[in-house]
1. Using a Gaussian network model on chain B with a 10 Å cutoff between Cα atoms, which of B:Trp224, B:Trp84, B:Trp270 fluctuates the most?
2. Can you list the DSSP H helices in chain B whose Cα atoms extend at least 24 Å along the helix axis and whose mean Kyte-Doolittle hydropathy is -0.5 or higher?
3. Say R0 is 30 Å: what FRET efficiency, to the nearest 0.05, do A:Trp70 and B:Glu178 get from their beta-carbon distance?
4. Which value in nm describes the separation of the simple spin-label points at A:Ile281 and A:Trp206, placed 7 Å from the Cα toward the beta carbon?
5. For chain A, take the longest principal axis of its alpha carbons; what is the angle in degrees between that and the long axis of helix A:141-155, to the nearest 10 within 0 to 90?
6. Could you give the angle, 0 to 90 degrees to the nearest 10, between helix A:126-136's Cα long axis and the longest principal axis of the Cα atoms of chain A?
7. When every alpha-carbon pair in chain A is counted, what percent end up more than 35 Å apart?
8. Going 7 Å from the Cα of B:Asp22 in the Cα-to-Cβ direction, what parts of region A:172-215 have a backbone nitrogen less than 13 Å from that spot?
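Derivation of every value follows stated rules applied to the coordinates shown; laboratory data play no part. All values reported here derive from a predicted model rather than from experimental measurement. In this analysis, Cβ positions are derived from the backbone assuming ideal geometry, glycine residues included, and neighbour counts consider all displayed protein chains.
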Amino acid sequence: MVDHAMPARAGMTAKQPLRVAGLPVGAILPRSGLHLLAVLLGIVLMLPFYWALISSLKEGPEVRRIPIDWWPQVAQWHNYLDVWTVRFFANWVFNSVFLTLVATAGTLVSSSLAGYAFARFRFPGKDLLFTLTLATLMLPGYVLLIPNYMLFWKLGWLNTYLPLTVPFWFGSAFFIFLFRQFFMTIPIDLDDAARIDGAGYPRIFWSILLPLSAPVFATAAIIEGINQWNSFLRPLIILNKPEMFPLSVGLRYFVVNPGDNLPKDHLLMAASIMMTLPVIILFFIGQRQFVRGVVMSGIKG
Amino acid sequence: MVTRAAAVPRAMVGTQGSLRRDEVFWAYAFLTPWLIGLAVFIVGPILFSLGMSTFNYTLGREAEATFIGLGNWVRAFTKDELFWPSLGRTFLYTAVVVPCTVFGALLTAMLLNERLRGTTFYRTVFFMPHLTPIVAAAYIWLWLLSPQYGAINEGIWQLGVALTGTGFKGPGWFSSTEWALPGLMLIALWGAIGGNMMVIFLAGLQGIPQELYEVAAIDGANSWSRFRHVTLPMISPTLFFNSILACVAAFQTFESAFIATKGGPAYATWLYGLHIYRNTFELFDMGYGATLAWILFIVLSVFTYIQFRTSRAWVFYAGEGR
């Protein structure tokens, strides 16, 4: 819907000359004021992380001491090791990594294939299928989750990893759309040239499109990887054996079932930070791709 | 609209019948996983779920399942005492969270669009809350907002000491009925103000032709009218897009409420998502749960439709040459 404006816009950003501020405060506040604003906002947004960090480095009782120590008296870095001894923490981390990898790989493979079909082929029923694909994006998760839960129950898949992995090998509308959009930016002449050289469709996909598609694969991998890592409701309803939980669900045990009634807040904070860290690292590695993906999926939506 | 673009002129295909058949075969070959997924995990379940909503059915008790027609709908609208309050609460939550996050994200994007030195650094910092898994964020905030030991209430107390000599008592947050919902709103605001929406806004802002501002400046427009008459109309499609997505997301809020409050205290944060969860996955009242999910879908559709209708009045598409 915003499509038409985009091509013209894309060129603009590179060579923008002198700027006239578009922000009202730009004229009122001097540049230093804007910097101050940015720094303040940054501090406010970072405060929860700081709080989690100092809490995670305190001793159990110190966490609940008033007045608050704004830095732990002695930083208890061993808390980050102690976390691994709580319940099945090591299992949870492993499970999360495993589920994230398997589900993400499935999404990439199945969605890129479908995206290729929608981007490059002409076949009967294409418009209908593509519209249907986009329409499924409108459905709230719960509408699908409930009957799917029944399906998994019928298949005897509850309490297994199958519902958390298998469906992702059958495509996801959002990523199909993302891949299609990207493939359509690759000149079709490349396909035609390869076809003249005798390449079939699978070969064109494998040796022409794939090598040029690293950005979109990286984008999709980061977005879906983060989604999977954070996934909570699905594993919550599917699994009931604590040793099978992913980290997102396992964290509850620091609160719900502390074992010895001693406060576990410091460990919960350490665990929360440890759950957040991989996401932030992944983001740093692929920051450029990620931002591009967000913009691509957002503006062309 | 999007499908049109697919009709790229093809150099060779189409003139040769055999190649064409080959093309159709491979298209469906590549689509096979998705077609199976669409049928098994999406279309099939949707139809099944529609059917389910006409039954009184508890998981595992096939024998006792009874067809009750619109009975589940009647039950939701007239008998379920938690239904209307949870729906109203979700509206309230959405009505506060969406404007705050959307305009907060727009302002943040405008700040970053000022090209301050260190913008990349700021952008990364602003984006980090969005990257925090909602589960971890909920636990961190639960602890941050702890009435007794949390940093926020301690800060409020110290502020009181500094200003008046006696400390201010902070709100009870997740343990009080008045402040639990605002607590959830804070979590949402924190996560969204520098998140995806901000990134999308930033791209939109960077796409506004600089000439427009220059022309406006020559015409003597002050910074407010430049914002009002250039930035706002040019960014309105993005604003619209972000608002719709934000509404859909806010309406389905589940994790933060489930973790921070479990809907309490005294149902103060019993959002619609929790209501669905409770009926479906704790009471296993599947027919009723499916109905509640469909009601959510209808509410969201109506909501989105209204937004599309009203958008004609305020969303400006530069490409349409109006």
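1. B:Trp224
2. Numbers: long enough: B:17-37 (30 Å, 0.30); B:83-112 (42 Å, 1.45); B:232-251 (27 Å, 1.69); B:286-314 (42 Å, 0.95).
Helices passing the filter in chain B: B:17-37, B:83-112, B:232-251, B:286-314.
3. Calculated transfer efficiency: 0.55.
4. Here the modelled spin labels are 3.3 nm apart.
5. Relative to chain A, helix A:141-155 is tipped by roughly 90 degrees.
6. Helix A:126-136 and the main axis of chain A meet at about 20 degrees.
7. Working: 17908 of 45150 pairs.
Value for chain A (Cα pairs over 35 Å): 40 percent.
8. A:192-204
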